[in-house]
1. Only one of these conditions is not met by F333: (1) over 19 Å from Y13 (Cα atoms); (2) at pLDDT below 95; (3) of a type in the set (F, W, Y). Which number is it?
2. Considering only residues of region 129-178 that are touching a residue at least 24 places away in the same chain (Cβ under 8 Å) and β-branched (V, I, T), which is nearest to I228 (Cα to Cα)?
3. Select the strands (runs of 3 or more DSSP E) contained entirely in region 196-259, then report the ones holding at least 2 residues which are closer than 23 Å to T286 by Cα and hydroxyl-bearing (S, T, Y).
4. Tell me, yes or no, whether region 114-136 has at least one residue that is among the β-branched types (V, I, T), more than 17 Å from the chain's Cα centre (by Cα), under 17 Å from V58 (Cβ atoms) and surrounded by fewer than 21 Cβ atoms within 10 Å (Cβ to Cβ).
5. Filter region 51-68 down to residues that are free of Cβ contacts under 8 Å to residues at least 60 places away in the same chain and in a loop (DSSP other than H, G, I, E, B), then give me how many there are.
6. If you go through region 158-206 one residue at a time, how many are among the hydroxyl-bearing types (S, T, Y), under 22 Å from A89 (Cβ atoms) and in contact with a Gly (Cβ under 6 Å, 6 or more places away or on another chain)?
7. In this structure, does A224 turn out to be at pLDDT 95 or above, assigned by TED's automatic domain parsing to the domain that holds G39 and either among the hydrophobic types (A, V, I, L, M, F, W, C) or under 21 Å from R265 (Cα atoms) (or both)?
8. Answer yes if at least one residue in region 15-28 is touching a Lys or Arg at 6+ places or on another chain (Cβ under 9 Å), small (G, A, S) and more than 20 Å from G117 (Cα to Cα), and no otherwise.
Amino acid sequence: MSEHILITGGAGYIGAYLTGELLRRGQRVTVVDDLLYGGESLLAYLPDDNFHFVKADVCENRAIRTAAPDDWPAPTAVIHLAAIAGFPACQSVGRQVAWRYNVESTQRVFEQAENIGVERFIYISTYSNYGLSMDGKPVTEETPVNPQSLYAETKVASERYLLAHSESSTCAPLIFRPATLYGLSPRPRFDLIVNQFVLDAFTKRRLMIYQRGYSRSFVHIADAVHGIILGLQSPLETMRGQVYNIGADEGNLTKNQVVQLILKRLPETIVNNKDITFGGDMRDITVSFEKIKRELGFTARYTVDNGVREILLALQNGLIRNPADPRYRNARFIVQ
């Protein structure tokens with residue numbers, strides 16, 4: 001019998017891609033999502049007998065306990081993706097709402113997972129937790145977190161809750177900190193740096209870049225999903241309480257280097273730079289991915305250049321008819 005995986009936020013950017021990959025591998029998948037950005041990303045999975053969907057708010061006390069079909073076994077793993085994702089989205093809803101959906105929901109989902117006998121709990125955090133590098137060296141999973149935004153604060157709080165229960169709980173938590181994502185998913189997003197830059201260059205022939213020399217780290221959505229699946233497959237006791245950065249050394253780029261990759265394909269784009277700073281999600285770091293490579297055998301397959309080409313081809317061929325649709329953004333604006 002195939003394993004049963006429950007995904008919260010499964011209609012989102014990561015979740016919709018992950019759902020498809022797990023179904024392709026023969027797993028049973030239950031998605032719990034409140035469809036804040038719609039559910040079109042899941043339509044292709046409805047005919048699959050191994051797919052089950054529940055529309056629910058994960059902050060509800062019984063959202064996870066009652067999600068699985070009666071004739072299915074209890075989930076062996078929960079992958080918790082549901083959240084108000086990103087600095088701009090959290091700022092727009094405020095601290096109280098962000099804390100409820102990003103921290104309290106994590107606690108409730110974990111408690112319910114534990115109560116129904118789930119073996120492993122995979123939490124998708126963010127490398128935003130590292131904030132600004134203090135010494136210029138690559139940050140590792142052992143680097144003290146230094147959150148610079150409300151979004152990162154909520155992620156750090158959730159991580160600390162899970163790690164505090166890692167030894168005592170029957171449900172083993174595993175934490176992933178992905179780099180900034182890019183690439184296409186069944187639920188596209190254009191409020192992510194690479195995707196947005198390509199969209200702006202294609203539609204406006206103009207880019208406005210802030211903090212162009214700041215280093216960021218990037219990972220393709222397919223590679224991030226691959227890393228999560230490796231976490232599902234890893235031995236239970238060796239993954240308990242572990243934290244992994246997801247990405248590749250090749251993805252450590254400055255914003256200016258990303259722009260150069262876009263100009264290679266859209267050379268007529270006019271680039272304007274403004275060296276001003278914003279309060280909030282400040283990141284100027286290089287990230288080490290040695291741990292996930294060494295312990296889980298992770299290898300990234302895609303580069304940022306691959307992602308630029310992928311997004312541009314989709315736009316040029318009209319595969320995304322209205323990329324300005326608000327559902328393709330987690331907030332009305334993005335701070336670059």
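1. It is condition (1) that F333 fails.
2. I175
3. On the way: elements: 206-210, 215-220, 242-246, 252-254.
Counting at least 2 such residues, we get 215-220.
4. Restricting attention to region 114-136, the residues satisfying the condition of being among the β-branched types (V, I, T) are 116, 118, 122, 124, 126.
Those still in the list that are more than 17 Å from the chain's Cα centre (by Cα) too: 116, 118.
Applying the additional criterion that residues be under 17 Å from V58 (Cβ atoms) yields 116, 118.
Next, from what is left, pick out any that are surrounded by fewer than 21 Cβ atoms within 10 Å (Cβ to Cβ): 116.
Checked against the condition, which is being among the β-branched types (V, I, T), more than 17 Å from the chain's Cα centre (by Cα), under 17 Å from V58 (Cβ atoms) and surrounded by fewer than 21 Cβ atoms within 10 Å (Cβ to Cβ), region 114-136 yields at least one hit.
5. In the first step, residues of region 51-68 are kept if they are free of Cβ contacts under 8 Å to residues at least 60 places away in the same chain; the result is 51-66.
Imposing the further condition that a residue be in a loop (DSSP other than H, G, I, E, B) reduces the set to 56-66.
Qualifying residue count, region 51-68: 11.
6. Residues of region 158-206 that are among the hydroxyl-bearing types (S, T, Y), as a first pass: 158, 161, 166, 168-170, 180, 182, 185, 203.
From what's left, under 22 Å from A89 (Cβ atoms): 158, 161, 180, 182, 185.
Within this subset, residues satisfying the condition of being in contact with a Gly (Cβ under 6 Å, 6 or more places away or on another chain) are 182.
The qualifying residues number 1.
7. Numbers: at pLDDT 95 or above: yes; assigned by TED's automatic domain parsing to the domain that holds G39: yes; either among the hydrophobic types (A, V, I, L, M, F, W, C) or under 21 Å from R265 (Cα atoms) (or both): yes.
For A224, the condition - at pLDDT 95 or above, assigned by TED's automatic domain parsing to the domain that holds G39 and either among the hydrophobic types (A, V, I, L, M, F, W, C) or under 21 Å from R265 (Cα atoms) (or both) - is met.
8. At the first step, the residues of region 15-28 found to be touching a Lys or Arg at 6+ places or on another chain (Cβ under 9 Å) are 15-17, 22.
Next, only the ones that are small (G, A, S) stay: 15-16.
This time we only want the ones that are more than 20 Å from G117 (Cα to Cα), so: 15-16.
Looking for residues that are touching a Lys or Arg at 6+ places or on another chain (Cβ under 9 Å), small (G, A, S) and more than 20 Å from G117 (Cα to Cα), one finds at least one in region 15-28, hence yes.
The values are calculated or read from the model by the stated rules, or taken from the named source; none is laboratory data. Quantities reported herein were computed from a predicted structural model and do not represent experimental measurements. Methodologically, a virtual Cβ is constructed for each residue, glycine included, from the backbone with ideal geometry; neighbour enumeration extends over all protein chains shown.
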